[in-house]
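Shown next, in structure tokens, is the structure this report addresses.
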Amino acid sequence: MKFATFEHQGKQLVGKVSADGQRISPLPAMSMLDLIERYEHFAAQIDAGHPAALRLDEVRLLAPIPAPRKNIICVGKNYREHAREFSKSGYEAGAVSGSEIDDYPAVFTKPATSVVGPDDAVYTHPQVTDEVDYEGEVAVVIGRRGSNISRADAERYIWGFTIINDVTARDRQKNHRQWFLGKSLDTFCPMGPFIVTSDELRHDDLSIRTWVNGELRQDAHTRDLIFDIPALIEAISAGCTLEPGDVISTGTPAGVGIGFTPPRFLQSGDVVEIEVARIGRLKNQFV
């Protein structure tokens, strides 16, 4: 099933999106986090639908989880060709030729304050950076509390999937070595438009594409991940509790701005669209 957080008549609501993608049925959950945590409790209402279903063009879609309880967990260099383009770009501090592929996942976070929704503006922050880049990513939404989760058991903890644009200030990422400051500017984590539950999708069968101003820049598939989603859940949960509603963004494929010569950074007015098959399309304009 497909779910969204939306605004209608000044109220923030959670709803189930119809199979044809044209309507949304409000649910009694207080938030998407509430829906995830008490999913079985809401099962009857979800199955029954809602007599007052709204047209999607009547509502404003928000980030599916507009107020995460903790930082967004992100993974870097998780597609081979992107790891190589990053290493060759000169923007990876300490990059060594021949060691582009890591032995362990590179994990960092983006603060909850960076999250915005579909069609929201993304600020280029010209007073802070002039090297803004895009990174289209498949994100996993955790559905159960757990730690020390084995790879074999990891799929039981996946509630669904959404889309994230891991927007990055490349100069700050390089200059500060640790990636947090380059990844964490306000509005630098567009998310959405929907979460699709894991019973409808396979983690190793998701295609992802990114366009900038209508030009296709990224075109990949989750089967190309270096560390697949069960491996990421195993690594991240080792000694660290994951909770319902936690989001893991799984890494971006090749084709980002720094992969070009010269680099092609985003400017005010640019539009980035990211599509994951069967989830939807996340579109944002940079200002």
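Some notes on this structure:
- Most tightly packed first, judged by the mean number of other beta-carbon atoms within 10 Å of their residues, the peptides 273-282, 243-252 read 243-252, 273-282.
- Rg over Rh, two decimals, segment 122-180 (C-alpha only, Kirkwood Rh): 1.16
- Direction-averaged projected area, Cα convex hull, segment 91-237: 10.0 nm², rounded to one decimal.
- Using distinct alpha-carbon pairs, which all enter the 1/r mean, Kirkwood radius of segment 91-161 in Å: 16.5 Å
- Taking only the C-alpha atoms of segment 8-148, the Rg (one decimal) and the largest Cα-Cα distance, Dmax (whole number), read 19.7, 60 Å.
- Base-10 log of normalised Debye intensity for segment 161-210 (one unit scatterer per alpha-carbon) at q = 0.13, 0.24 Å⁻¹: -0.45, -0.87
- In plain terms, the bigger the Kirkwood radius, the slower the diffusion; for segment 98-139, with that radius from Cα pairs, at 25 °C and 0.890 mPa s, Stokes-Einstein puts D at 178 µm²/s.
- Per-residue ³J(HN,Hα) for segment 178-188, Karplus 6.51 cos²θ - 1.76 cosθ + 1.60, θ = phi - 60°, Hz, x for Gly and Pro: 5, 8, 3, 5, x, 9, 10, 5, 3, 6, 7
- Given Lys11/Lys70; Lys88/Lys110; Lys2/Lys174; Lys11/Lys77; Lys2/Lys77, the pairs whose alpha carbons are separated by over 32 Å: Lys2/Lys174; Lys11/Lys77
- Computed P(r) (all Cα pairs; the chain; 5 Å bins; percent): 1, 6, 13, 18, 19, 17, 12, 8, 4, 2, 1, 0, 0
- Whole-Å semi-axes of segment 166-287's equivalent ellipsoid (Cα gyration tensor): 25, 19, 15
- Counting only the Cα atoms, segment 1-40 fills a convex hull of 64 Å³ per residue.
- Compactness index (Cα Rg / 2.2 N^0.38 Å), segment 1-79: 1.20
- Computed lengthening from Gln267 to Asp47, 0.36 nm per intervening residue step minus Cα-Cα distance: 74.8 nm
- Segment 218-287, Cα convex hull volume normalised per residue, Å³: 144 Å³
Read-outs: derived from the displayed coordinates by stated rules, not from any lab. Values in this document were obtained by computation on a predicted structure and should not be read as measured data. In this analysis, Cβ positions are derived from the backbone assuming ideal geometry, glycine residues included, and neighbour counts consider all displayed protein chains.
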